[in-house]
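The values are calculated or read from the model by the stated rules, or taken from the named source; none is laboratory data. What you see is a predicted model, and the numbers here were worked out from it, not measured in a lab. With ideal geometry, Cβ positions are generated from the backbone for all residues, glycine too; neighbour counts draw on all protein chains shown.
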Amino acid sequence: MSIYFTPDLSALKPYVPGEQPKDRKYIKLNTNESPFPPSQEVIKAVCSEEALRLNLYPDPDAGELCEALAQRYGVSKENVICTNGSDEALAFAFRAFCGSGRGAAFADITYGFYPVYCDLYGIKRTILPVQDDLTIKADDYIGIPETVFIANPNAQTGLSLPLDVIEKIVGSDKNRVVVADEAYVDFGGESAVGLTKRYPNLLIIGTFSKSRSLAGGRLGFAIGDRELISDLNTVRYSFHPYNINRLTMAAGIAAVGDTGYFAECVNEIIKVRAMTRQALIKRGFDVTDSRGNFLLAANKKISGRELYSRLKDMGVLVRLLPDDRIKDHIRITIGTQDQMDTLIRCVDVILKGLV
Ligand SMILES: Cc1ncc(COP(=O)(O)O)c(C=O)c1O
């Protein structure tokens, strides 16, 4: 830390992204990326004449992309904002809807960036522990004044709240905003986008990083009442008006348009997830009923840390999570069928070595 760093942030613990090792080639199952390449339409779009226009700033309103998303989700363009990854949408939401006495409330086991935004912006946080079975207790989110952040399906566990429960939380108090982070919703969750028409205090956050194979393009979005979106745009124009570059914008429009490839990828992940889950359960693992593109798994015979490092030695990278309550678990991103077959073969070797 330099002597110039503001003391306000001296205790800030930044978010730690999953490992991106360069030392060797791993089967990478640690950051919930898609194992499938982007759609061919995306490849065509980014190699098109748009590349020749990189000397010009992009459309600061990302109009065409917002329109494509609006059509896809059955809302108006004014209900959509596009962001540099959904991390940026979250950053804008924490800045816009918390502070001045209004704190943020979220689960203890959830996306690890939420507490970091609180610390970055000086927002008071209220942590609502998930239950012993790792599910979110909806009643904890009712009757509290804080802005609520719920990842649904939840990060790390993949467990999902049904739409009526989200509606109950949102409808219980229209004086505070509820942010539903739907990064993983396409893999079997229930999206609450439709509720945004009736609830002006509901903000949905989405990403192209998972189901649309564009983690490297950095593209996210938020959908909500036009006033909420206008607030987010006020923050965006005060921070980074050209937040979506031309190539990512073209990629995003093409990705939304290729509904066939999207469905193919999502269905394959759901199928491989079910088979991997059953294979792990058969081998004595506890595995959450995840609706994300990942599984959270633990086996009493071996610690999470040991399993993680044995798998890493064998060339399979999974995620060990910092949360104390799930320290005996590993989080496994769903890859291709071949990758998951290799994972299971490695698990068999490791478990066999224990007896
Ligand atoms: C729940 C959740 N929300 C948001 C994000 C951020 O994704 P991105 O910034 O790539 O859109 C992630 C990333 O893994 C996540 O797990």
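Couple of notes before you dig in:
- Residue ID - surrounded by the most Cβ atoms within 10 Å (Cβ to Cβ), chosen from residues in the range 85-110 that are within 11 Å of the ligand (Cβ to nearest atom) and more than 23 Å from Lys137 (Cβ to Cβ): Ala89
- Restricting attention to the range 29-49, the residues that are touching a residue at least 40 places away in the same chain (Cβ under 8 Å) and surrounded by fewer than 16 Cβ atoms within 10 Å (Cβ to Cβ) total 4.
- Number of the condition not met by Glu227 [criteria: (1) assigned by TED's automatic domain parsing to the domain that holds Ile326; (2) more than 21 Å from the chain's Cα centre (by Cα)]: (1)
- Candidates Arg218, Arg246, filtered to the one that is within 11 Å of the ligand (Cβ to nearest atom), of a type in the set (D, E, K, R) and surrounded by fewer than 23 Cβ atoms within 10 Å (Cβ to Cβ): Arg218
- The test for being in a strand (DSSP E or B) and modelled with pLDDT of 95 or more holds for Ile81.
- Subset of the range 169-215 that is basic (Lys, Arg) and surrounded by 23 or more Cβ atoms within 10 Å (Cβ to Cβ) - its residue that is farthest from the ligand (Cβ to nearest atom): Arg212
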